[in-house]
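Since the structure comes first, as structure tokens, the remarks are kept for the end.
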Amino acid sequence: MQLYVDSANLTEIRHAASLGFISGVTTNPSLLAKEDPSLDIKTLILDIHKSVGGHTSVEVVSTDTDGMLREADEILSWFPEATIKIPFIPAGLAAVRALERQDVPTNVTLLFTPNQALIAANAGATYVSLFLGRLDDISTDGLQAVRDTVEIWDMHELESFIIAASIRTPIHVLECAKAGAHIATVPYKVLMQSMKHPLTDAGLAAFLADNEKMNAAKASLA
Ligand code: E4P
């Protein structure tokens, strides 16, 4: 399972990318709205894309097909390898089909059920983003939606990539990997939490202390 960082914050994205295990970044209007309002969106998106050097999903905000396609054209004029993130609404599905005919990759977002994901895949989505945390928030099992979607994908050999989105915890990451999601897009904080283990820290501290002891012993013999 590939890991993307789910953020529009350049500091977070640059640090996550510098660690070498991130294959992409997903943004959305709410993430962009958290950033400094004086930043120019095009410049920010280009900086984000350059920092990650891989998949970059940029979301449209129009709610009609023509508007979404106009926005897609603009984003593609910034960088042609952009993935256009499109909400799962009827107008969005028509835009996905139109972009698929032009070989433009799309990421259909705001999916909450396997049926929605199946419809998006049939419309030609390159990526389908299932929001599991928001399902958990309303007492529905988000991970089960991911498991069911993967089962359907395996049975029918569907080609769209399943992105587990709206991730809240390291356990979500673990369970999405076990379920067979192709990608998880993970908030920076959860990526950092997923790296941490007290035994790793304690083990390194012990190795470094023993190395120093050994060097001191060698020095005393010299
Ligand atoms: C990613 O594509 C989604 O926009 C994002 O994961 C949503 O996460 P949230 O539910 O934490 O806002």
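Tell me what the chain gives for mean residue ellipticity at 222 nm when only DSSP H runs of n ≥ 4 count, each as -39,500 (n - 2.57), the sum divided by the residue total, rounded to 500 deg cm²/dmol. Walk me through the intermediate numbers first.
Numbers: 11 runs with 124 residues, N = 222.
Result for the chain, helices only: -17000 deg cm²/dmol.
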>> Under the 0.36 nm per residue contour assumption, what length would be gained going from the current alpha-carbon distance of Ala202 and Glu35 to full extension?
In response: 56.5 nm
> When all C-alpha to C-alpha distances in segment 113-222 are sorted into bins of 10 Å, what percent of pairs does each bin hold, rounded to whole numbers?
Replying inline: 14, 34, 20, 11, 10, 8, 4, 0
> Where a ≥ b ≥ c are the square roots of the eigenvalues of the C-alpha gyration tensor, would you call the chain rounded, which needs a/c under 1.5, or, failing that, prolate if a/b is larger than b/c, or oblate?
Replying inline: prolate
> Viscosity 1.567 mPa s, temperature 4 °C: Stokes-Einstein D of segment 13-103 from its Kirkwood Cα radius, in µm² per second?
Replying inline: 94 µm²/s
> Can you list residues whose amide H is under 5 Å from Gly54's amide H, if they're 5+ apart or on another chain and H is modeled 1.01 Å from N?
Replying inline: none
>> So if the hydrodynamic radius of segment 1-61 is defined as the Kirkwood radius over C-alpha pairs, what does Stokes-Einstein give as its diffusion coefficient at 37 °C and 0.692 mPa s, in µm² per second?
In response: 286 µm²/s
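In the neighborhood of Gly24, defined by Cβ-to-Cβ distances under 12 Å, what is the net charge if each Lys or Arg adds +1 and each Asp or Glu adds -1?
Values: positive: Lys85; negative: Asp6, Glu81.
Spelling it out: positives minus negatives among the neighbours equals -1.
Give, as a single signed number, the net charge of other residues whose beta carbon lies under 15 Å from the beta carbon of Gln193, with Lys and Arg counted +1 and Asp and Glu -1.
Details: positive: Arg168, Lys189, Lys196; negative: Asp6, Glu12, Glu175, Asp201.
Here the count lands on -1.
Taken together, the values in this text are just the output of simple stated rules run on the coordinates, not laboratory data. Given the structure is predicted, the values throughout are model-derived calculations rather than measurements. We place every Cβ from the backbone using ideal geometry, glycine too, and count neighbours over all the protein chains shown.
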